[in-house]
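Worksheet for the structure shown next.
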Amino acid sequence: MLVARRNNNNWMPSLFNEFLNWDNWNNSVCETAQAMPKMNVSESDKDYKMELCVPGLKKEDLNISIDTDNNLVIEMVKNDEVKDESKESRKYLRHEFSTMQFKQMFSLPENVKKEQITAKVEHGVLTIDLPKFTVEEKKALAQTIEIK
């Protein structure tokens, strides 16, 4: 039998103190909350589909655009601060509400119809549909340049 010795007779309270150390807990949770949300990307013959997990966000918190370098840019800024006039006379002993944000860029494939991209937010999931050009549509876009 192996005898284990403890140097600290107070081991149980210190275990809880480490677990309940709000600074460490808050830092790890906030780092996770500010990271890029989990994402699924799928492809079919007709389109690409992106699904991002954005619980608690509304469409006003999100911005989706295409930049000049043909990148799909997804941005989120959410301010958790709630203005309440009755709280103005209060002195905070701890104040942890903050702004969370992310910005991610994706290079769009050449076969995406940029003008027909759609997005919606439902039940905490942002869904972006990226329709593809068909082979016939791609051929129709090709043009011959007249030489003068």
### Message
Give me the net charge for the shell around E137: Cβ to Cβ below 12 angstrom, other residues only, Lys and Arg +1, Asp and Glu -1.
### Response
+4
### Message
I need the calculated FRET efficiency for the pair N40 and A142, taking r as the beta carbon distance and R₀ as 41 Å, to the nearest 0.05.
### Response
0.80
### Query
How much length is gained if the chain between V135 and E122 is pulled fully straight, taking 0.36 nm per residue apart and subtracting their Cα-Cα distance, in nm to one decimal?
1.5 nm
### Message
Please give me the summed charge of the neighbours of I66: other residues whose Cβ is under 10 Å from its Cβ, Lys and Arg +1, Asp and Glu -1.
### Response
-2
### Query
Given the Cα-Cα distance of V73 and K59 and 0.36 nm per residue of separation, how much length would full extension add, in nm?
3.5 nm
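Bear in mind that the values in this text are calculations on the coordinates, not laboratory data. Since the model is a prediction, treat every value here as computed from it, not as a measurement. Backbone-built Cβ (ideal geometry, glycine too); neighbour counts: all protein chains shown.
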